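Here is the structure we will look at, set down as structure tokens.
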Amino acid sequence: MTMRTPLGQVRGLGSTRAGTSHFWWQRLTAVANIPLTLFIVFSIVFHIGTDHAKMAAYLGSPIVTIALFLFIVSSVFHMGLGMNTIIEDYIQHEGLKILAKMASTFFCIVIGFSSLFAVLKLSFGG
Amino acid sequence: MAKLKAPIERPLSPHLQIYRLTLTMLMSIAHRATGILLYFGTILLAMWLISVATGPAYFAFVNDLFSTYLGRLLLLGYTWALLHHMLGGIRHLIWDTGVGFERKTVEILAWTTLIGSIVLTIGVWLMGYWVRGGLS
């Protein structure tokens, strides 16, 4: 006779049914990243050596700001998912794993929001 | 209360030390490695964007930092990692549709990714130096 519920007995033993969602977001952001990356790479390359005022004006123009905004959101999300997979693959210790995933999420959020802030500041003419 | 069952000893799959190194295996490792590089490389992008938003002095400082040999090496590596990861990603997206698993196709895709990433990186950098107006 056990006091444990059927759910309690199987918890932690298998799928959490989150695998498809991870896969889907990984692929969705991957597809989005292709055109966005090409746009960002070429727009940066064609402005190498540009002085500060022109660079600020260029990055702050609506189309470029929108592209950068989307690129930052999509790639930070993508890299967060990717790093989570890597952490799950190589860190077996449960506590360390959770700490590493937390640290990774914080890193992504800091990078993402500071980049977004910089772009929006340029665009709104701060 | 019933004793908790010990986790089942599942068989472990053979890993790097067991398998002979193949190109496709190397590309799989490269995809993950470039992913990790890009993850930390975003620091460079964030730093650069923040420098533009901060003002001319900090912008000049970051530009000077990126212009050093180490800076350029990092940016070159970042460019290659980005393009390699992008092409490798396209390879994975092709596989996601359920095609391209034949041995020959897999080899072609691997070589295309590797050579393509190097050619594109050189192309992007030549374009950069051309925009900059020479090798300086």
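Grab the DSSP H runs of chain B that are 4 residues or longer, score each as -39,500 (n - 2.57), total them, divide by all residues and round the 222 nm result to the nearest 500 deg cm²/dmol.
Dividing the helical sum by the residues of chain B leaves -26500 deg cm²/dmol.
So, taking all protein chains as they sit and a 1.4 Å probe, how much accessible area belongs to B:Leu114, in Å² rounded to tens?
Surface accessible to solvent at B:Leu114 totals approximately 40 Å².
Carbon and sulfur atoms: what percent of the 1.4 Å accessible area of the protein assembly as shown do they account for?
So the carbon and sulfur contribution to the accessible surface is 73 percent.
Report the FRET efficiency, 1/(1 + (r/R0)^6), for A:Phe23 and B:Trp130, where r is their Cβ-Cβ distance and R0 is 45 Å, rounded to 0.05.
After rounding, the FRET efficiency stands at 0.65.
Treat every Asp and Glu Cβ in the protein assembly as shown as -1 and every Lys and Arg Cβ as +1, leave all other atoms uncharged, and give the resulting dipole magnitude about the Cα centre to the nearest 20 debye.
Dipole magnitude for the protein assembly as shown comes out near 660 debye.
Before we go on, tell me the buried accessible area for the B/A pair, both chains summed, 1.4 Å probe, in Å² to the nearest 100.
3200 Å²
If the only charges are +1 at each Lys and Arg Cβ and -1 at each Asp and Glu Cβ, what is the size of the charge dipole of the range B:23-132 around the Cα centre, to the nearest 20 debye?
100 debye
Mind giving me the FRET efficiency for A:Ile98 and B:Ile18? R0 is 22 Å, r the Cβ-Cβ distance, nearest 0.05 is fine.
Computed FRET efficiency for A:Ile98 and B:Ile18: 0.15.
Taking only Cα atoms and a 10 Å spring cutoff, compute GNM fluctuations for chain A and point out the largest among A:Val110, A:Val45, A:Val76.
Between A:Val110, A:Val45, A:Val76, it is A:Val45 that shows the largest mean-square fluctuation.
Would you please calculate the Kirkwood hydrodynamic radius of the range B:82-136 over all C-alpha pairs and express it in Å, rounded to one decimal?
About 12.6 Å for the range B:82-136.
Counting only chymotrypsin sites (Phe, Trp or Tyr not before Pro) that are in a DSSP loop and have at most 13 other C-beta atoms within 10 Å, tell me the longest site-free stretch of chain A.
My reading of the result: A:47-123 is the longest stretch.
Does chain B come out rounded, prolate or oblate by the C-alpha gyration tensor, with a ≥ b ≥ c the root eigenvalues, rounded set by a/c under 1.5 and, if not, prolate when a/b is larger than b/c and oblate if not?
oblate
Go through the range B:44-54 residue by residue and turn each phi into a ³J(HN,Hα) via Karplus (6.51, -1.76, 1.60, θ = phi - 60°); whole Hz please, and just put x for glycine and proline.
Values per residue, Gly and Pro as x: 5, 5, 4, 4, 5, 4, 5, 5, 5, 6, 7 Hz.
Calculate one ³J(HN,Hα) per residue across the range A:81-88 by plugging θ = phi - 60° into the Karplus curve 6.51 cos²θ - 1.76 cosθ + 1.60, and present them in order as whole Hz with x for glycine and proline.
Calculated HN-Hα couplings, in order: 4, x, 5, 4, 4, 5, 4, 4 Hz.
Provide the gained length on full extension for the span A:Met3 to A:Phe42, in nm with one decimal, where the gain is 0.36 nm per separating residue minus the Cα-Cα distance.
Additional length available on full extension: 7.7 nm.
The values are calculated or read from the model by the stated rules, or taken from the named source; none is laboratory data. Keep in mind that what you see is a predicted model, and the values were worked out from it rather than measured. Reconstructed Cβ throughout: ideal geometry from the backbone, glycine too, with neighbour counts over all protein chains shown. Calculation scope for accessible area: heavy atoms of the full protein, side chains included, ligands and nucleic acids excluded. Shrake-Rupley method; radii C 1.70, N 1.55, O 1.52, S 1.80 Å.
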